[in-house]
Amino acid sequence: MTRSPMVLLVLIGALSAGNAQAVPPGKTAEWDASNGKVIFDGKVHSDKGLKCLDCHSKIFKMKKGSTEMKMADINAGKYCGECHNGARSFTTNDPANCVRCHKK
């Protein structure tokens, strides 16, 4: 491979890696929950080194509205609970942590 195509491949890879981040800075995903609106700011997760593909589509489907989460499922280790289990990140079944995700 000559130098020019190699440089092009490296640039494409770098640009693709940037696009693989979670919800981009300044953007959020929001949904209503019974105990307060959940606002997911992907920047918080990308700042920890996570990429979209770490959760999509292994844990969450890519289509908006295709996953119906319940706290019982999350507390049982599904969806957000796969990481928010007290070992990898804060646990979801401690009432003191509710405000970390749910906003009144």
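The values are calculated or read from the model by the stated rules, or taken from the named source; none is laboratory data. Everything quoted here is computed from the prediction, not taken from an experiment. Note that each Cβ is placed from the backbone with ideal geometry, even for glycine, and that neighbours are counted across all protein chains shown.
Scan region 89-104 for residues that are assigned to a loop (DSSP other than H, G, I, E, B) and over 14 Å from the mean Cα position of the chain (by Cα) and report the count.
The qualifying residues number 6.
Give, as residue ranges, the helices (runs of 4 or more DSSP H) completely inside region 3-70 that count at least 1 residues that are modelled with pLDDT under 85 and either touching a Phe, Trp or Tyr at 6+ places or on another chain (Cβ under 7 Å) or more than 28 Å from Asn97 (Cα to Cα) (or both).
Those helices (runs of 4 or more DSSP H) span 3-19.
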